[in-house]
Amino acid sequence: MSGLTKLELHERLLLAVGVTRGWVTEVPLVLNLRQIAVPLAVWAFTLTSPPGGRHPTESKIQLIVPGQDRRGRGNFSGPSGAFKLLVGVHPTEDLFVLWDCYLHRNFAYSKNVQVRAPVLWDATVAGIAITTRHIDDGVEAIIAARGDHLVEAIKHRINIQ
């Protein structure tokens with residue numbers, strides 16, 4: 001399955017958090033939600049599970065930011081005062097994954113960021129699921145959520161920062 005366009009990714013996010021309008025093609029997507037005290041700067045990517053190279057129960061996003069070329073390093077730079085969110089959007093299910101945007105700095109073009117299937121399954125059943133993984137820059141909390149729990153997941157992401 002091919003990836004979702006930025007417009008599709010952003011529209012899915014907006015629908016899940018109850019926002020009916022916004023500049024949905026801008027990257028990062030800047031959101032002001034009434035339930036959250038700080039503005040959000042969101043980088044959204046399609047969550048994929050391609051065969052080969054990864055564990056068969058692992059899904060991933062591939063980090064590429066605007067202006068980054070194949071030899072360049074990427075960073076998430078957004079508006080001052082906005083909380084940065086790194087989000088994977090499942091292309092066919094109402095599922096979202098939030099990684100710690102602040103732990104992913106100076107990354108290579110198309111860097112993979114993974115999540116294991118049990119977390120996605122748990123989120124499908126319970127609405128929200130949390131796991132951790134060890135990466136070079138520390139321990140990362142990964143939060144998976146159905147769309148009807150996305151605001152709660154974002155609040156949790158902010159609180160564990």
Quick one: is Leu120 closer than 21 Å to Gln35 by Cβ and surrounded by 20 or more Cβ atoms within 10 Å (Cβ to Cβ)?
-> no
Filtered residues of region 149-161 (kept if within 17 Å of Leu31 (Cα to Cα) and touching a residue at least 60 places away in the same chain (Cβ under 8 Å)) | Leu150, Val151, Ile154, Lys155, Arg157, Ile158
Among the numbered criteria (1) modelled with pLDDT of 95 or more; (2) in a strand (DSSP E or B); (3) in contact with a Leu (Cβ under 7 Å, 6 or more places away or on another chain), which single criterion is violated by Thr131?
-> (3)
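Of all residues in region 134-152, which are surrounded by fewer than 16 Cβ atoms within 10 Å (Cβ to Cβ) and under 17 Å from Lys60 (Cα atoms)?
His134, Ile135
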Looking at region 66-116, what strands (runs of 3 or more DSSP E) fall wholly within it and have at least 1 residues that are surrounded by fewer than 17 Cβ atoms within 10 Å (Cβ to Cβ) and either in contact with a strand residue (DSSP E or B) (Cβ under 7 Å, 6 or more places away or on another chain) or without any contact (Cβ under 8 Å) to a residue 60 or more places away in the chain (or both)?
-> 111-116
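Answer yes or no as to whether Asp137 is under 21 Å from Ile160 (Cβ atoms) and at pLDDT 95 or above.
Against the criterion (under 21 Å from Ile160 (Cβ atoms) and at pLDDT 95 or above), Asp137 does not qualify.
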In region 34-55, residue modelled with the lowest pLDDT [restricted to those that are more than 16 Å from Leu86 (Cα to Cα) and touching a strand residue (DSSP E or B) at 6+ places or on another chain (Cβ under 7 Å)] | Arg54
Which residue out of Val151, Val119 is modelled with pLDDT of 95 or more and closer than 15 Å to Thr48 by Cα?
-> Val119
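The values are calculated or read from the model by the stated rules, or taken from the named source; none is laboratory data. Predicted, not measured: the structure shown is a model, and the values here were computed from it. Glycine also receives a Cβ, built like all others from the backbone with ideal geometry; neighbour counts cover every protein chain displayed.
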